[in-house]
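The values are calculated or read from the model by the stated rules, or taken from the named source; none is laboratory data. Since the model is a prediction, treat every value here as computed from it, not as a measurement. Cβ sites come from the backbone with ideal geometry, for glycine too, and all protein chains shown count toward neighbours. All accessible areas refer to the heavy atoms of the entire protein, side chains included, with ligands and DNA or RNA removed. Shrake-Rupley method; radii C 1.70, N 1.55, O 1.52, S 1.80 Å.
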Amino acid sequence: LEALPGVTITVTNVNRGITRTAVTGESGNYSFPALMVDTYDISAQLEGFQQQIVEGVRVGISASVTIDMMMELATIEDAITVSGTPVLETTSTAVGTSFQAEFLEGMPTNRNYWDMFALTPGVSQQSEQSTSMSVFGSSITSNSYSVDGLDVTNSETGEFYSYLNPDTIEEIQVLAIGAPAQFGNMSGGAFNVVTKSGTNSFKGRASLYYQSDNLTDTNAEINGIPFNRDTFHDFSLTLGGPIKRDKVWFFASFQDYESRESEPGVDPAYPGFYDNNRYDFKLNAQLGNSTLLDAKYHYEGWESGGGDAFSTPDATGINRGPNPVSYTHL
């Protein structure tokens, strides 16, 4: 086998119709950096040789995918197509785990990505529904968090406090031992989230999670007062699609989250509560062969407070505030 320079390599994003091309060098190598998380078809063409096509190659978060193709002399006008090629990561020594949206949607979690992170072997939450994560016993302040490639780690605590609508998550990844150099300044884990983008097809989703006191066990009692579920609902809408096919796409979502509950021993007239409305809008535009515009706006309006087991009713209060996030990058 010999290296073959001058081969035109084309990668095509299956869901968005984006194509990028490159030509192999003297060593027969080619490279397509910074591809979107998605599924791709790859073709190789050179005059005098049969066209080679590899279909269904999945590119995940921070993944380096190697696809080797052998070109045969053309005896007939035809193409060799390989479908469903398994991809083995051979360029990284990092210990990591990735979960895609299809898997996450069927998991019995509390509808937050902290629980999704905790599915990873070696990762544990400091407490139930906690936002503090320990990776293989490391300090909870030793982690790094990124959303769509943007570092969102709190510089003081090493945590991430923005809450994402789970229905907007495309893939999550946790890298631990042996994480690449770009995830520096941490000795714990690198937690990466990629959110969904629009495709050439209009796709939407509506979901409702509901729980009433009649559906909730009272559990233990303190001073004759059991746990009380006043209300809980989590309603979500998403819609994505093309603005201009093969060029510009959008993805939007809305989530209305409301929870009111009283722990055992707490007067049900003063339940603890947490309300949050979340809005997301994402725009992607293919500006050239290797230039993709990615712009996103995220907004949360939250409110929490009410009674707990350690406060008298006249000592309770309400916390509220906005949490806007926006970014644009190429």
Discussion item. Restricting to segment 45-64, give me the number of residues that are in contact (Cβ under 8 Å) with a residue 12 or more places away in the chain and of a type in the set (D, E, K, R).
Written reply: 2
Discussion item. So, in segment 302-326, exactly how many residues are touching a strand residue (DSSP E or B) at 6+ places or on another chain (Cβ under 9 Å), touching a residue at least 24 places away in the same chain (Cβ under 8 Å) and open to solvent by 30 Å² or more (accessible area, probe 1.4 Å)?
Written reply: 9
Worksheet item: Cβ-Cβ below 9 Å, separation at least six or inter-chain, first residue in segment 265-288 and under 19 Å from ASN219 (Cα atoms) and open to solvent by less than 30 Å² (accessible area, probe 1.4 Å), second in a strand (DSSP E or B) and of a type in the set (Lys, Arg): which pairs?
Response: PRO271/ARG229; PRO271/ARG260; GLY272/ARG260
Worksheet item: Is there a residue being touching a Lys or Arg at 6+ places or on another chain (Cβ under 6 Å) and on the phi < 0 side of the Ramachandran plot anywhere in segment 272-285?
Response: yes
Worksheet item: Mind checking which residues of segment 272-292 are under 18 Å from the mean Cα position of the chain (by Cα) and of a type in the set (A, V, I, L, M)?
Response: LEU283
Worksheet item: From the list THR231, THR195, THR199, THR238, which one is at pLDDT 90 or above and over 23 Å from LEU287 (Cα atoms)?
Response: THR238
Fill in: Selection count, segment 131-178, where residues are hydrophobic (A, V, I, L, M, F, W, C) and either open to solvent by 30 Å² or more (accessible area, probe 1.4 Å) or in contact with an Asp or Glu (Cβ under 9 Å, 6 or more places away or on another chain) (or both)
7
Worksheet item: Assuming TYR270 fulfils every condition listed in (1) in contact with a Ser or Thr (Cβ under 7 Å, 6 or more places away or on another chain); (2) more than 17 Å from VAL248 (Cα to Cα); (3) at pLDDT below 80 apart from one, which condition is it?
Response: (3)
Fill in: Complete set of residues in segment 208-257 that are within 25 Å of ASP167 (Cβ to Cβ) and of a type in the set (A, V, I, L, M)
LEU208, LEU215, LEU237, LEU239, ILE243, VAL248, ALA252
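For every residue, the table says whether it meets (1) open to solvent by 60 Å² or more (accessible area, probe 1.4 Å); (2) farther than 19 Å from GLU258 by Cβ.
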position	(1), (2)
SER207	no, no
SER212	no, no
LEU215	yes, no
ILE222	yes, yes
ASP230	yes, no
PHE235	yes, no
LEU239	yes, yes
Worksheet item: When only residues in segment 203-227 that are free of Cβ contacts under 8 Å to residues at least 12 places away in the same chain and part of a loop (DSSP other than H, G, I, E, B) count, which is farthest from the chain's Cα centre (by Cα)?
Response: GLY224
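This table checks each residue for (1) exposed (fewer than 12 other Cβ atoms within 10 Å of the Cβ); (2) among the aromatic types (Phe, Trp, Tyr); (3) modelled with pLDDT of 80 or more.
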| site | (1), (2), (3) |
| --- | --- |
| VAL65 | no, no, yes |
| GLU72 | yes, no, yes |
| ILE76 | yes, no, no |
| THR91 | yes, no, no |
| PHE99 | no, yes, yes |
| PHE117 | no, yes, yes |
| GLN129 | yes, no, no |
Worksheet item: If we scan segment 141-148, do we find a residue that is part of a loop (DSSP other than H, G, I, E, B), farther than 16 Å from GLN100 by Cα and of a type in the set (Asp, Glu)?
Response: no
Practice prompt. May I ask you to list pairs of residues, at least six apart or on different chains, whose Cβ atoms are under 7 Å apart, with the first in segment 9-32 being under 16 Å from LYS247 (Cβ atoms) and the second being among the basic types (Lys, Arg)?
Written response: GLY17/ARG245
Worksheet entry | Filter result (under 26 Å from GLU2 (Cβ atoms) and surrounded by fewer than 16 Cβ atoms within 10 Å (Cβ to Cβ)) within segment 34-63 | GLU47, GLY48, PHE49
